[in-house]
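The values are calculated or read from the model by the stated rules, or taken from the named source; none is laboratory data. None of these values were measured; they are calculated from a predicted model. Please note: Cβ atoms are built from the backbone with ideal geometry, for glycine as well, and neighbour counts cover all protein chains shown.
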Amino acid sequence: MARWTIDQLRPEGRSRNVAIRWLAALDDSLHGIGINPEPYWRFHACTLLLRLERRLAVGEEAAMAELPGWIGEHNLRALAPMFAAVKAAEEVWPSLIALTELAFSGEAPLERRWALLREITHSTLKQLSLPVGLHIPLVLYAWGRSLGRLPLTWPDAPSLALTEEASA
């Protein structure tokens, strides 16, 4: 995987596009092996926004209503078409489905599998030079999309320029 990420590094923020495509392909690969991605994205989001788990426990509907604001309208408009464009994990990294299957093989508790996948995702995004602050809107978008709470497409989407807007 490290060799693949090095090959993907691009100037002028284009590595961000690769990172977004990788996350979308991960979501697709989870679906492909019969795993609901929502619990994974929720777990991952709670590791990025430390107060999120408590906010969800106090009032999940109220917290979820704030999700689009945490992502930011610009990010929503930019991410929707990029996630929609990824149809199969093979388009991004050919071994992603095999990696996902491996993460869910064996007898480990589901929470440990989510933690493993989170570490793989974090490492991949860091290797693609994506600042941790930009992981937040990406993971929140993937989570919201898996819940059906965010639009799958957005008219007149801007060119991609993610911003760090989350403050849960």
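Only one of the numbered conditions (1) at pLDDT below 90; (2) farther than 24 Å from TRP4 by Cβ; (3) surrounded by fewer than 17 Cβ atoms within 10 Å (Cβ to Cβ) is violated by GLY32, and that is (2). Taken together, the residues in the range 92-119 that are over 18 Å from MET82 (Cβ atoms) and in contact (Cβ under 8 Å) with a residue 60 or more places away in the chain amount to 12.
A quick yes/no check of all residues on (1) farther than 14 Å from ARG21 by Cβ; (2) surrounded by fewer than 17 Cβ atoms within 10 Å (Cβ to Cβ); (3) in contact with a Pro (Cβ under 6 Å, 6 or more places away or on another chain):
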residue	(1), (2), (3)
PRO68	yes, no, no
LEU79	no, no, no
PRO94	no, yes, no
ARG118	yes, no, no
VAL132	yes, yes, no
TYR141	no, no, no
LEU147	yes, yes, no
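The set of residues in the range 10-69 that are acidic (Asp, Glu) and farther than 18 Å from LEU102 by Cβ comprises GLU12, GLU38, GLU53, GLU60, GLU61, GLU66. When SER105 is tested against (1) part of a helix (DSSP H, G or I); (2) among the polar types (S, T, N, Q); (3) modelled with pLDDT under 90, only condition (1) is not met. Based on what the data block shows, is ASN17 over 12 Å from the mean Cα position of the chain (by Cα) and not in a helix (DSSP H, G or I)? So ASN17 fails the test.
Any chance the range 24-32 includes a residue that's outside any helix (DSSP H, G or I) and in contact (Cβ under 8 Å) with a residue 60 or more places away in the chain? No.
Residue under question is LEU125, and the condition is that it be modelled with pLDDT of 90 or more, surrounded by 15 or more Cβ atoms within 10 Å (Cβ to Cβ), among the aliphatic types (A, V, I, L, M) and within 15 Å of the chain's Cα centre (by Cα); does it hold? When the stated conditions are applied, LEU125 passes them.
Of all residues in the range 47-71, those that are over 15 Å from the mean Cα position of the chain (by Cα), in a loop (DSSP other than H, G, I, E, B) and of a type outside the set (Lys, Arg) total 2.
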